[in-house]
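Read through the structure below, which is laid out as C-alpha cells, and then see the notes.
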Amino acid sequence: MNVASHNYEQFVCIEQWLEMLESNGVLAGRTVIVESLERFFPSRFGNIGTCRKSKSRDKSVVKPFEAFTHGEIPTSRRTGGEIPTDVVYLLKVLKNAVLEALLGSDATIHGVAVNAPLTSRDLFSNRRSDRILYYYEDDAEGSWSDEQIGKAVYSISAIQRRIEAAEGRFIFVLVPNKSSVYARFIVGRPDADRYTTVIRRLGDAGVATVDMLAPFRGHAEKEVDFYLPDDTHVSTKGYRVLGEVISGEMKKMAAR
C-alpha cells in the first residue's frame, strides 16, 4: 500500500494542497483522509476560501519533513531555538514562583495549559494522577457559534466534493481533545460538548466522517495512559485504536 502523508504546515493553506493533488492527477481510485484536532476545527476550516497567495509557483513538489529514526530530536527542531524545552519550562516556573512570592498568586502569568483536578486516580500512571493537563483552548469551544461551525462544515463538504469529482474517496477524521475524552472525570469541567455537535452536522451535510469520541472514551476509561499523562497526545495504544477505526471505515467504503 502506497501512502503519502502531508502536514498542514507544509502548505500555505488547504486550497494549495487541493490544487497540488488535482494537478498531479493522483486522486482517482485513492482514499484521501483529512485529520484534524477538535480544537482547531473552526479556525482551520472556517476560512478555507480566503487562501493567501502561495509562496511558491511550483505546486507539484512538496518536500517531506526530515525524519529522525533514532536518538534524540535536535533541540532546535523541538523549540525553534537552542534552549532545551525543559529548561524553558523551568525558567517559566521560576518566574511565576518569584511573582507569587512577591506579589501573590494573582500576579502569576498563565501558560497555555490547564492543570485540572480529576475525580479518579486510575486514568494515568504518573505521581499526580489525580490531575490532568490539557490546552486552555479546549475550554473556549463553548464560545463557538453555529455560524463558525457551519462555515467549517461547508468547507469540508466542499473538499469532499472536489476529491470525489476527481474519482477519489474522502474521509474526515476529527481527533477529540484530551479534555473531551476525560470530560466526565474533570472537576468543574464546563459542559460544552462541541465534538458531538460537529460530528452530527458533518453527517447531516453528507460528509464521510469518523467519530472517534466514543471509542476513545471507552478505551481511556479502561486503559491507563490512553492519553499521555504529561502531554495532550494519545499514547501508542491510542494511535493503534485510531488506525483500527479508520481502517474499518475504509473497508466499509470499499465494500459499497
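For segment 232-246, 3J(HN,Hα) computed residue by residue from phi via the Karplus equation (6.51, -1.76, 1.60; θ = phi - 60°) reads 9, 8, 6, 7, 4, 4, x, 5, 5, 5, 4, x, 5, 5, 5 Hz, glycine and proline entered as x. A simple spin-label model places pseudo-atoms 7 Å from Cα toward Cβ; at Val187 and Leu103 they are separated by 2.8 nm.
Compared with the alpha-carbon gap, the fully stretched path from Glu167 to Ser125 is longer by 10.5 nm at 0.36 nm per residue.
Under 8 Å for C-alpha pairs, at least 6 residues apart: give me the relative contact order for segment 199-256, rounded to a whole percent. Value for segment 199-256: 25 percent.
Out of segment 159-226, which trypsin sites (Lys or Arg not before Pro) are coil in DSSP terms and have no more than 13 other C-beta atoms within 10 Å? All intermediate terms of the calculation are to be shown ahead of the outcome.
Details: sites: Arg161, Arg162, Arg169, Lys178, Arg184, Arg194, Arg200, Arg201, Arg217, Lys222; in loops: Lys222.
Those satisfying the criteria are Lys222.
The gain in end-to-end length when the Ser143 to Ser43 segment is fully stretched comes to 34.7 nm, 0.36 nm per residue minus the alpha carbon separation.
In segment 114-212, a dipole from Cβ-located charges (positive for Lys and Arg, negative for Asp and Glu) runs towards its positive end, and of Asn126, Ala183, Gly150 it is Asn126 whose Cα lies farthest in that direction.
Bear in mind these aren't lab numbers, they're just calculated from the coordinates by the rules spelled out. Since we're looking at a predicted model, the values are computed, not measured. With ideal geometry, Cβ positions are generated from the backbone for all residues, glycine too; neighbour counts draw on all protein chains shown.
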